[in-house]
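Let me begin by presenting the structure, written as structure tokens, before commenting on it.
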Amino acid sequence: MCNKILSVVFIFILLFPSALHAKKLVFVTLDTPPQTFLQDGKPKGFLVEIVAEAAKRAGYEPDIRIVPWKRAMAMVKKGTADAIFNAGYNEERNKYLRFSETVLITEKVVALRLAGSNVYFPSDFSGAEKYSGGVGRGFYYGKKVDQALKKGVFLRIEEVPNIDLNVKKLLLGRIDFFFADYYPALNFLNDNNLLYKVEAIIAPESGLPLIYSKSDTYLAFSRKKDPEAFEKVNAELKKMKQDGSYQKIISRYIPVHEGF
């Protein structure tokens with residue numbers, strides 16, 4: 001009996017050597033629930049599950065760490081982490097990161113106001129000069145919003161380190177609106193029982209939150225690392241989008257909004 005068990009184990013090792021010696025890949029990202037967050041000290045969220053699944057399918061052992069964004073970027077730049085996810089593309093980052101053609105997720109930037117208020121400006125920002133707004137310090141809200149901020153089309157823009165302070169300023173009347181990525185903002189408001197106090201500016205024609213900018217983010221790999229893992233993991237990510245497992249994971253965390 002013992003010899004039979006040993007034979008089965010030997011055959012398994014021959015057929016699936018990577019199962020016993022899977023190479024570990026260190027992935028870093030920031031805390032943005034429901035995409036990524038810590039629960040009882042462990043990384044959770046739909047992007048955490050998606051990246052972990054893609055890595056496992058490619059034959060790797062994922063080690064996902066949620067750290068401050070600047071530290072995450074420094075880690076992939078130095079090569080102490082293999083990859084970073086939920087990262088937007090720009091030319092500077094492309095110098096030390098490999099970006100795939102496969103988008104990890106498309107962030108949708110909305111403007112949040114006090115529920116029932118008449119604060120409104122369309123996606124071309126006409127009329128926005130009478131409103132004071134808030135943004136997260138160091139956050140990128142996509143090309144359209146970034147250009148509007150640089151042109152100074154608003155009455156005043158205040159920077160804060162997190163969404164919590166933007167909400168507090170809004171409730172105190174210190175700002176008229178603030179920009180945010182839709183799903184993390186919705187998650188924050190829901191967790192803090194604020195959905196009846198704060199709402200997104202709505203597009204009159206659709207009745208859905210008005211999207212001011214879309215920003216694609218990626219699973220990007222450090223150029224200091226071997227490109228093999230980059231190719232394999234991103235190939236599996238692409239397959240997950242095609243076979244429906246990608247959307248299935250997201251649906252466990254957030255509702256699917258038709259047309260949004």
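The values are calculated or read from the model by the stated rules, or taken from the named source; none is laboratory data. Because the structure is a prediction, the values reported are computed rather than measured. Note: ideal-geometry Cβ built from the backbone for every residue, glycine included; neighbour counts use all protein chains shown. To get the accessible areas, we keep the full protein, side chains included, count just its heavy atoms, and leave off ligands, DNA and RNA. Shrake-Rupley method; radii C 1.70, N 1.55, O 1.52, S 1.80 Å.
Tabulated values for the structure
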{"item": "Hits in the range 208-223 - residues which are among the aliphatic types (A, V, I, L, M), over 13 Å from Leu25 (Cα atoms) and surrounded by 15 or more Cβ atoms within 10 Å (Cβ to Cβ)", "result": "Leu210, Ile211"}
{"item": "Qualifying residue in the range 48-62 (condition: out of contact with any helix residue (DSSP H, G or I) (no Cβ under 7 Å at 6 or more places or on another chain), open to solvent by 30 Å² or more (accessible area, probe 1.4 Å) and over 28 Å from Glu158 (Cα atoms))", "result": "yes"}
{"item": "Some residue of the range 231-238 being out of contact with any strand residue (DSSP E or B) (no Cβ under 6 Å at 6 or more places or on another chain), more than 16 Å from Thr106 (Cα to Cα), open to solvent by 80 Å² or more (accessible area, probe 1.4 Å) and at pLDDT 95 or above", "result": "yes"}
{"item": "The listed residue being closer than 30 Å to Glu61 by Cα, exposed (fewer than 13 other Cβ atoms within 10 Å of the Cβ) and out of contact with any Gly (no Cβ under 7 Å at 6 or more places or on another chain), out of Asp124, Asp226, Asp191", "result": "Asp226"}
{"item": "Count of the range 88-99 residues which are touching a residue at least 40 places away in the same chain (Cβ under 8 Å), open to solvent by 10 Å² or more (accessible area, probe 1.4 Å) and not in a loop (DSSP other than H, G, I, E, B)", "result": "3"}
{"item": "Residue that is nearest to Pro33 (Cα to Cα) [pool: residues in the range 184-199 that are aliphatic (A, V, I, L, M) and touching a strand residue (DSSP E or B) at 6+ places or on another chain (Cβ under 8 Å)]", "result": "Ala185"}
{"item": "Matching residues, the range 95-141, being of a type in the set (D, E, K, R) and more than 22 Å from Val153 (Cα to Cα)", "result": "Lys95, Arg98, Glu101, Glu107"}
{"item": "Residue in the range 152-165 that is within 27 Å of Pro34 (Cβ to Cβ), basic (Lys, Arg) and either open to solvent by 10 Å² or more (accessible area, probe 1.4 Å) or touching a residue at least 12 places away in the same chain (Cβ under 8 Å) (or both) present", "result": "no"}
{"item": "Residues satisfying the stated conditions in the range 80-92, i.e. at pLDDT below 95, of a type outside the set (Asp, Glu) and over 12 Å from Leu219 (Cα atoms)", "result": "Asn90"}
{"item": "Looking only at the range 139-151, and only at residues there that are open to solvent by 80 Å² or more (accessible area, probe 1.4 Å) and touching a Phe, Trp or Tyr at 6+ places or on another chain (Cβ under 9 Å), the one that is modelled with the lowest pLDDT", "result": "Phe139"}
{"item": "Matching residues, the range 29-59, being among the hydrophobic types (A, V, I, L, M, F, W, C) and either closer than 19 Å to Asp164 by Cα or part of a helix (DSSP H, G or I) (or both)", "result": "Leu30, Phe37, Leu38, Phe46, Leu47, Val48, Ile50, Val51, Ala52, Ala54, Ala55"}
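Residue by residue, here is whether (1) outside any loop (DSSP other than H, G, I, E, B); (2) over 20 Å from Asn234 (Cα atoms); (3) under 18 Å from the mean Cα position of the chain (by Cα) holds:
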{"position": "Lys77", "(1), (2), (3)": "yes, no, no"}
{"position": "Asn86", "(1), (2), (3)": "yes, no, yes"}
{"position": "Glu101", "(1), (2), (3)": "no, no, yes"}
{"position": "Asn118", "(1), (2), (3)": "no, yes, no"}
{"position": "Phe121", "(1), (2), (3)": "no, yes, no"}
{"position": "Tyr141", "(1), (2), (3)": "no, yes, yes"}
{"position": "Lys144", "(1), (2), (3)": "yes, yes, no"}
